[in-house]
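> Please find one structure pasted underneath; my questions will follow.
The values are calculated or read from the model by the stated rules, or taken from the named source; none is laboratory data. In this text the structure is predicted, and so the values were computed from the model without any measurement. A quick note on method: Cβ atoms are made from the backbone with ideal geometry, for glycine too, and the neighbour counts reach across all protein chains shown. Each accessible area value is taken on the protein alone, full model and side chains, heavy atoms only, with ligands, DNA and RNA left out. Shrake-Rupley method; radii C 1.70, N 1.55, O 1.52, S 1.80 Å.
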Amino acid sequence: MLQLSDVNNNSSKKQSFFTPEERVKIIKEIYKGIDKIRVIQGGCATVDLAMLYNCKAIVRGLRGLSDYDYEVQLSQINKDISNKEVNTICFFADQKYQFISSSVVKEVFALDKDITPYVHPYVKQKMYEKR
């Protein structure tokens, strides 16, 4: 079974640390050698990409209740948009990651503190290279 990793801009975020192109390269590097994962850069809604690639589900991660509320709404909209063809599957984050967000990691990084516990080693390397 092929798994897609969709890289999109999040319009609700002020500014991402990495450009979408940089994120694609990083994710491809992290998952190189795993033939069943294809990383794509989307320019449209994730549900549209799911339908384009014949995916039956979108997998999302949840950190807490606020994520859950948002994902329930999004899953219903995606279900409507896809004519009930695309489902959403949610996994809860491990307890040690429940309060970690990209914003927090960027803030810790800006304060020149250790981000090792919060990001993949390759992501950390790329963040220091970009700094």
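> Could you tell me how many of the residues in region 10-37 are aromatic (Phe, Trp, Tyr) and either over 23 Å from residue 88 (Cα atoms) or not in a loop (DSSP other than H, G, I, E, B) (or both)? Reasoning before the result, please.
Of all residues in region 10-37, those aromatic (Phe, Trp, Tyr) come to 17-18, 31.
Of the ones still in play, those that are also either over 23 Å from residue 88 (Cα atoms) or not in a loop (DSSP other than H, G, I, E, B) (or both) are 17-18.
Of the residues in region 10-37, 2 are aromatic (Phe, Trp, Tyr) and either over 23 Å from residue 88 (Cα atoms) or not in a loop (DSSP other than H, G, I, E, B) (or both).
> Which of (1) in contact with a Pro (Cβ under 9 Å, 6 or more places away or on another chain); (2) part of a loop (DSSP other than H, G, I, E, B) is the odd one out, the single condition residue 112 does not satisfy?
(1)
> Only residues that are in contact (Cβ under 8 Å) with a residue 24 or more places away in the chain and open to solvent by 80 Å² or more (accessible area, probe 1.4 Å): list them for region 44-65, please.
53, 56, 59, 63
> How many residues does region 25-39 hold that are loosely packed, with under 15 Cβ neighbours inside 10 Å and more than 11 Å from residue 122 (Cβ to Cβ)?
Number satisfying all stated conditions: 5.
> So, one more: If you take the residues in region 88-119 that are surrounded by 15 or more Cβ atoms within 10 Å (Cβ to Cβ) and within 17 Å of the chain's Cα centre (by Cα), which one is nearest to residue 15 (Cα to Cα)? First the steps, then the outcome.
Here is the first cut: in region 88-119, the residues surrounded by 15 or more Cβ atoms within 10 Å (Cβ to Cβ) are 88, 100, 105-106, 108-109, 115, 118-119.
Subsequent filtering for residues that are within 17 Å of the chain's Cα centre (by Cα) retains 88, 100, 105-106, 118-119.
On the way: 88: 26, 100: 17, 105: 13, 106: 11, 118: 19, 119: 18 Å.
Applying the filter and picking the extreme gives 106.
> Scan 58, 40 and give me the residue that is modelled with pLDDT under 90, among the hydrophobic types (A, V, I, L, M, F, W, C), outside any loop (DSSP other than H, G, I, E, B) and more than 22 Å from residue 129 (Cβ to Cβ). Reasoning before the result, please.
Working: 58 fails: modelled with pLDDT under 90.
Testing whether each residue is modelled with pLDDT under 90, among the hydrophobic types (A, V, I, L, M, F, W, C), outside any loop (DSSP other than H, G, I, E, B) and more than 22 Å from residue 129 (Cβ to Cβ) leaves just 40.
> Related question: Can you tell me how many residues within region 89-129 are among the basic types (Lys, Arg) and at pLDDT below 90? Step through it out loud before you land on a result.
Kept after step one, since they are among the basic types (Lys, Arg), are these residues of region 89-129: 96, 106, 113, 124, 126.
From what is left, the residues that are at pLDDT below 90 are 96.
Total satisfying the criteria: 1.
> Here are some conditions: (1) part of a loop (DSSP other than H, G, I, E, B); (2) farther than 22 Å from residue 102 by Cβ. Residue 48 meets all but one. Which one does it not meet?
Against the list (1) part of a loop (DSSP other than H, G, I, E, B); (2) farther than 22 Å from residue 102 by Cβ, residue 48 comes up short only on (1).
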